[in-house]
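Working notes, beginning with the structure itself.
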Amino acid sequence: MKYLLTLFILVHSLSAKDTFVPLREGDDVPMNVVDLWSGLDLRTDPIEKEIVKTYEEDGVVCEYVMYTVATIKGKRSRIAAYYTYPKGGKDLPAFVWAHGGGQRAEKERGIYFAKQGYATLDINWNGRELDPDVKKNTDWGNVDPTQGKRFYPKALREKRHTGAEPDEYTIDAVVSPRNKYWFMLAYAGRRGITFLEQQEQVDPERIGFTGFSMGGNITSFCAIDKRLKAVAPIVGGSGFSYDRIAGYPSVRGTQKNHDLLSNTIEPQAYWPHVTAPVMFISGTNDFHGRLDFLQRCADLLPKDTVWTMSQTMHNNHSPGSKQYLALEYWFDHYLKGEVLAVPTTAQSSFSKVSDDMWRLEVTPDDIENVEAVQIYYSWDTAISNRFNKPIETKRNGHQWSAEIPTRSELPVTAFANILYKSHSGVAEETLSGKTDVFSITSRFYSEIPDQMDEEMYVGLQLDRTFEPVFAEFPKDNLIWAVRPQDQSVITYKFNDYALAFPSDKKLKFQVVPADEELNLIVSFSSHKHLIKSQNELSKDVSISKRFKEAGDLVISLDELVKESGNESERISSWHNVSTMKVSLRKSSRERINLLDPETSGKYLRSIEWVD
C-alpha cells in the first residue's frame, strides 16, 4: 500500500498543475494581504497524506506523516509533521503547531496535548531530522523557505532568502511578496489546517493554530483563515520589525522593498483581517514577540475580535507555566467549548494626575478567582532591556491602582499582570511544569514625549538615587524571573533610570549553605549596541564561587572582563549592564529555584552594594 501511495504521488507530481501562476514582467504584483491571498483555494491540491511511521504510547497515537503543500515549477513541495491524537478519538478539537527558527516538530509535544484531548499537527517546516531511523523528511522541491543548509540538508541556498527579489528558487520572476520565505511557510501552515479538517479523528469546525517564535509569525499569517476558531501566537506575531524604538539608534537597518513587504507579509498587515479570538503570549522583554508592538497589533484587530495577552515577567523568549496554562484554557474554551473561560482583558485606564505622576487603574474580570494584581512601570522604551519596575498597588473594591512617578523628558510605560487561580484550584501540569495560577496581562500603556532625540538614551544623565541594598529574598522577588530551562533567575534592574549604580561600588552576595556545598554563578550581559566603544563586552561574563559554609561573593566592575589574545572586552560601568543572571546549585547538581517559596531567602539572603 505504501509503495502504491508513493508511486501515485510520483506520477501525480509529474503531471500536476502548478499551484501558483508565476508573475513576470508586466504582471500585477499583490500590494496588500487581500490581493496576496485572493484566488488561492487551500483545498484544491490533494493533501496526499503518507504515514511514514506510527508510534503508540499511553493511549496516544502519533503518526509521522508527509503531506503536500503545493506544486511549484512542476515539482511537489512536501512537508513532514507529527499528527497526534488520542487512540480511538472522534470529533476531536485540533490545532496546528508551528515550531520556531532552528527548531523542529516534537513528538512529545503532540503526546502531551493528545492526553488533554486534542489532535495536533506539528509541522516540521525547517526540515530538521525528527527520527534517526526515518530518512524521509520535508522536501520543499523547487523552492526553499527554510533557514539554509545549517538546518536543512536539502537547502537550495546557504542562508534563507529574506527579500522579495527573484532568483531561481522563488515563485515569481519579479519583485514579489511571494518570494519572501514567510509566504510559503504561511501557505504550508494553512495547508496544515486543510490536513486536519480531512482527518477522521478531527471535528473540522473546531480547529485552532499556534506557534513559537517564527511559528508565532506563521500563526499571525494563518490567523486570517476563516476555518480557525482560535489562535495564539507565542513570542512572535508582533510585526513592525523595522520600526525604530523611540530614543534609541536603529540597530535593524532598513528593509529593501519595505512598503511592499510591510503591507503584504508582515504580521501587522494581517491582524486587521482576523476574526478568530486571539491570545498573544510572550515575555515582557522578548526580542521577537515585542510587548509594545503586540499592543499595537491588538489595536489593529476588528473591534468585535476577542483578544487578550499573557506575558511572562522579565523574560525573553521563554514562556513559563503560567502562560502555557492560559494557552490550554484558551483552546479549552474556544475549541472544546468548555464553559470555564479565560478572563477577558481587564478594564483599565492610564491618566495623568500631575506633571510628575500618572495613575494606572485596573478592574479585572472574574474577580473571585484573582490571586494577585501586580502593576509595573518604566521610563524606558527599549523593549528587550527595559526594567519593568513593580510598584505598590492599592485595592478599592474590585479595582486596583498605582500612582506612577514620571519625568517630563522621559516616556512612561505601565501595565498590570493579573494572576488567576487555576480552574481546578490546585497545581496543574503544563508544557513548562506545574502551576496553580495563570496570568492575564492588562492593556500595555505607553506615553512618549512628542520630541525625542533618536539617541536620547545613549549616555543619558539623570539625577539618580543610590540604594545600598540591590535585592533581598524573598522581599524583592518581583524584580526577578525564573528561567525554566535551568532554574536560574534574571533581572533587568540595572536599567532602572531612577537608581544610581556607582562604578566604585562592589556587589556582595550573601550565601548560607545548608546540608551540602553550594555553587553560586553570576552572569552579566551588556548594552553593546548602545555604547560608543569597541571594547565594550559583547558576550556574557560569568563569575562563580563554591560555599561549604556561610560567606560572601564580592564582585567588582574590574572583574567583568574577557580576554581574547591581545584584545580584551569589559563592562565599563554598572549602568551598562543589561541583565544579571544568578544560578545556585548544590554539589549534587540539584538546581535551586531562588524564587520558590520554600527556598527563597534560605540559601541566598541578599545582594548589597559595598565599598
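The values are calculated or read from the model by the stated rules, or taken from the named source; none is laboratory data. For clarity, every value in this text was computed on a predicted model and none was experimentally measured. Here the Cβ positions follow ideal geometry from the backbone for every residue, glycine too, while neighbour counts run over all protein chains shown. The area values use the complete protein model at the heavy-atom level, side chains included, leaving out ligands, DNA and RNA. Shrake-Rupley method; radii C 1.70, N 1.55, O 1.52, S 1.80 Å.
Data table
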{"read-out": "Percent carbon-and-sulfur accessible area, the chain, ignoring ligands, DNA and RNA, probe 1.4 Å", "value": "46 percent"}
{"read-out": "The stretch 232-328, relative contact order [Cα under 8 Å, separation at least 6], %", "value": "34 percent"}
{"read-out": "Extension gain from Lys87 to Asp596, taking 0.36 nm per residue of separation minus the Cα-Cα distance", "value": "179.5 nm"}
{"read-out": "Length-normalised contact order for the stretch 312-405 - Cα pairs under 8 Å, 6+ apart - percent", "value": "23 percent"}
{"read-out": "Additional length obtainable on full extension of the chain from His333 to Ser568, 0.36 nm per residue less Cα span", "value": "79.1 nm"}
{"read-out": "Segment Asp299-Lys539, length gained on full extension (0.36 nm per residue, minus Cα span)", "value": "82.8 nm"}
{"read-out": "Span from the the stretch 431-507 Cα centroid across to the the stretch 15-31 one, whole angstrom", "value": "50 Å"}
{"read-out": "Answer label for Cα Rg over 2.2 N^0.38 Å (calculated), chosen among (i) 1.02; (ii) 1.06; (iii) 1.50", "value": "(i)"}
{"read-out": "Relative contact order (percent, whole number), the chain, Cα cutoff 8 Å, 6+ residue spacing", "value": "9 percent"}
{"read-out": "Antiparallel DSSP beta bridges within the chain, percent to nearest 5", "value": "80 percent"}
{"read-out": "Extreme residue, positive dipole direction of the chain, given options Leu520, Met357, Val306 (C-beta unit charges)", "value": "Leu520"}
{"read-out": "Net charge contributed by nearby residues that have their C-beta within less than 14 Å of Lys581 (K/R +1, D/E -1)", "value": "+3"}
{"read-out": "Long-range Cα-Cα pairs in the stretch 147-264 (distance over 20 Å), rounded percent", "value": "54 percent"}
{"read-out": "Sequence ranges 538-550, 288-300, 142-154, 582-594, ranked by mean other-Cβ count within 10 angstrom, highest first", "value": "288-300, 142-154, 582-594, 538-550"}
{"read-out": "Spin-label proximity, Leu340 to the stretch 82-126 - amide N less than 16 Å from point 7 Å beyond Cα toward beta carbon", "value": "116-117"}
{"read-out": "Alpha-carbon centroids, the stretch 61-78 and the stretch 162-194: separation in whole Å", "value": "16 Å"}
{"read-out": "Per residue solvent-accessible surface (Å²) - the chain, probe of 1.4 Å", "value": "42 Å²"}
{"read-out": "Span from the the stretch 95-138 Cα centroid across to the the stretch 541-611 one, whole angstrom", "value": "37 Å"}
